[in-house]
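One structure below.
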Amino acid sequence: MRMFEEYPTQEERKKLPIAILYVDTTEEMMPQDGKARPDFRVMGQDASFTRNEFLNIKAVDVEHILDHIGNYPSVKGIVNNVTAVKSAIGSLGQAAGQKRRAGRLLFAANAVGFVNSLRDAYARCEKISGDASNTNIHIFAGLCGGTGSGSIIDAIVQSRKAFPDAKISVYAMIPEMNLPKSDMDQGRYYQNGYAAMNELNALQTGRWFPQDVTGVGEARLYNDCVKGVADGLTIYCNVNENGLIFK
């Protein structure tokens, strides 16, 4: 939406070597019935995500994945006991049900699709810029829901694995006050953020090597030159220094 404000014409935006990839377990932010969401309109234009900018990682439900885990080798590497995992996750409902384990399983089952979509986004940028020597990947995620907190580690790892020379910057949000909806806190909201922060710290300090969900064994991608797997990690909240709350 910011791009639409600063570059109001399509001709201007086509010259920008910028590509967006939106990953989620729900189509809530996508146009519905061919109509854009009202809050995605900027200066009379529709700034909604297009289909090639969106990857839905819940096309197949977690229960189906676990029931047919032999068909998902990437998931099998992070599940030791199918029965125990099914019992822990239970019924998800919408999105990833604010369950980190479900978010990671869904991402793992679609990890190859994520890498392919990321490469496609890179190709679109390279076609515009004509320069493949300077690649920047910016990863934005909320750490309190099941999708963001569950997939952030693998998103970073797979981005680094696919683009070893890219500069990867991560921006993770932990809301401090006023949840967007009254039913958002299902008893896991802030716990998810705390657990995700622990994992991010372990990943960035080289103390933990997560399972490679597009390969075999641990993903040992820690780089002492960048002091982590990502080049930088910024944590922010929805309250500024003046106490103004952003929803």
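Every read-out reported here was derived from the displayed coordinates using simple, explicitly stated rules and does not represent laboratory data. Computed from a predicted structure; not experimentally measured. Every residue, glycine as well, gets a Cβ built from its backbone with ideal geometry; the counts of neighbours run over all protein chains shown.
Using a cutoff of 8 angstrom between alpha carbon atoms and counting only pairs six or more residues apart, the relative contact order for the chain works out to 19 percent. Within the set K76/K127; K99/K167; K35/K99; K35/K161; K58/K99, which residue pairs have Cα atoms separated by over 25 Å? Check vs 25 Å cut-off fails for K76/K127; K99/K167; K35/K99; K35/K161. A helix-only calculation puts the chain at -10500 deg cm²/dmol for mean residue ellipticity at 222 nm, using -39500 (n - 2.57) for each DSSP H run of at least four residues, averaged over all residues.
Shape analysis of the stretch 1-50 based on the Cα gyration tensor places the equivalent ellipsoid semi-axes at 20, 14, 8 Å, largest first. Within the stretch 2-236, the proportion of Cα pairs with more than 32 Å between them is 21 percent.
Under 5 Å between amide hydrogens, built in the peptide plane, is the criterion, and for L233 it picks out V170 among residues at least 5 positions away or on other chains. Scan around R41 for amide H atoms under 5 Å from its own, H built in the peptide plane at 1.01 Å from N, and keep only partners 5 or more places away or cross-chain. Here the answer is A47, since their amide H atoms fall under 5 Å of that of R41. Where a ≥ b ≥ c are the square roots of the eigenvalues of the C-alpha gyration tensor, would you call the stretch 27-158 rounded, which needs a/c under 1.5, or, failing that, prolate if a/b is larger than b/c, or oblate? The shape class here is oblate. Label sites at L244 and A47, each approximated as a point 7 angstrom past Cα along Cα to Cβ, lie 1.6 nm apart. For H64, the shell of other residues with beta-carbons less than 12 Å away shows a net charge of -1, using +1 for Lys and Arg and -1 for Asp and Glu. Remark on V60: its backbone amide H falls under 5 Å from none of the residues 5 or more positions apart or on other chains, H modelled at 1.01 Å from N.
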